[in-house]
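Notes for the one structure printed next.
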Amino acid sequence: MRVDIITLFPEICRVPLGESIIGRAQQTGALDLRIHNLRDWTTDRHHVVDDAPFGGGQGMVMKAEPIFGAVESLRTKESKVVLMTPQGCPFRQPLAREYATKPHLIIVCGHYEGIDHRVVEHLIDEEISIGDYVLTNGAIAAVVFVDAVVRLLSGVLGDDQSAADDSFTRGLLEAPHYTRPAEFRGWKVPEILLSGNHAEIAAWRKREGERRTRENRPDLLP
């Protein structure tokens, strides 16, 4: 998969996406990540990317020209262009799986008060929100989006079953996990996990996943 991120703050994306699993995905060739500074597509001497909003109001609005220039220079017939914005479609695990099937993603990171809406109307394929809150800029959201999508690519996690067992994959949260020691400060690991009976362990994990979903995320239940 190739991913192009267009942002005013490349280092916000470059540093976290260069570490751990996503960093290794780039080393193995599973991910071709390219991070671009939007100012490279400005044409004035001061590299201006924003201006005051028509109609008045607070804040500044990102200009359409550099965003169109950046996306049009990177886009191919296989590209899917995504805008990170709190006004977008809620980003959930099924959507991450869908995006993991795309060969090329171009991610535009919003900033300031927003972007010229002509970008949304005529350039963007889909607006994505990672939650009902507002961040200082879309580069942070882009890191979350890329991490969630790329980890689903075959071979990136080492064991593809890891992604299949994730929370939300089957509509429920995961069951609790434990590791050594079997007893810590008097708190013992559930005996079923030490039994070696894989069928009973699977049944226990299913029950516990349902219990944790009822307690923490009842909105996920039918």
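Worth pointing out:
- Breaking point among (1) open to solvent by 70 Å² or more (accessible area, probe 1.4 Å); (2) part of a helix (DSSP H, G or I); (3) of a type outside the set (A, V, I, L, M, F, W, C), for Glu208: (1)
- Considering the range 56-85, the residues that are open to solvent by 60 Å² or more (accessible area, probe 1.4 Å) and at pLDDT 95 or above include one that is farthest from Val156 (Cα to Cα), namely Met60.
- 1 or more residues touching a residue at least 60 places away in the same chain (Cβ under 8 Å) and farther than 18 Å from Val146 by Cα: qualifying helices (runs of 4 or more DSSP H) within the range 1-108: 64-74
- Test: residue in the range 146-155 that is within 30 Å of Pro66 (Cβ to Cβ) and not hydrophobic (A, V, I, L, M, F, W, C): yes
- Exclusive hit being touching a residue at least 12 places away in the same chain (Cβ under 8 Å), surrounded by fewer than 18 Cβ atoms within 10 Å (Cβ to Cβ) and touching a helix residue (DSSP H, G or I) at 6+ places or on another chain (Cβ under 8 Å), set Glu174, Glu126, Glu113: Glu174
- Any hit, the range 144-155, residues being within 30 Å of Thr28 (Cβ to Cβ), hydroxyl-bearing (Ser, Thr, Tyr) and within 12 Å of the chain's Cα centre (by Cα): no
- Of the residues making up the range 132-166, those that are among the small types (Gly, Ala, Ser) and out of contact with any strand residue (DSSP E or B) (no Cβ under 8 Å at 6 or more places or on another chain) are Ala148, Ser154, Gly155, Gly158, Ser162, Ala163, Ala164.
- Among the criteria (1) without any contact (Cβ under 8 Å) to a residue 24 or more places away in the chain; (2) farther than 23 Å from Arg151 by Cα; (3) within 33 Å of the chain's Cα centre (by Cα); (4) open to solvent by 80 Å² or more (accessible area, probe 1.4 Å), the one Phe184 does not fulfil is (3).
- Answer residue from the range 1-32, given it is surrounded by fewer than 20 Cβ atoms within 10 Å (Cβ to Cβ) and in contact with a strand residue (DSSP E or B) (Cβ under 6 Å, 6 or more places away or on another chain) and is farthest from Gly158 (Cα to Cα) among those: Pro10
- Condition met for Ser195 (in contact with a helix residue (DSSP H, G or I) (Cβ under 9 Å, 6 or more places away or on another chain) and at pLDDT 95 or above): yes
- Given (1) open to solvent by 30 Å² or more (accessible area, probe 1.4 Å); (2) touching a Pro at 6+ places or on another chain (Cβ under 6 Å), number of the condition Tyr133 does not satisfy: (2)
- A search for C-beta distances below 8 Å between a residue of the range 136-155 that is under 23 Å from Thr169 (Cβ atoms) and any residue that is open to solvent by 50 Å² or more (accessible area, probe 1.4 Å) and outside any helix (DSSP H, G or I), counting only pairs 6+ apart in sequence or on different chains, returns Ala141/Leu135; Ser154/Asp160.
The values are calculated or read from the model by the stated rules, or taken from the named source; none is laboratory data. Predicted model, so just to flag it, every value in this text is computed and none were measured. As a convention, Cβ positions derive from the backbone with ideal geometry for all residues, glycine included, and neighbour counts pool all protein chains shown. Just the protein is used for accessible areas: all its heavy atoms, side chains included, with ligands, DNA and RNA removed. Shrake-Rupley method; radii C 1.70, N 1.55, O 1.52, S 1.80 Å.
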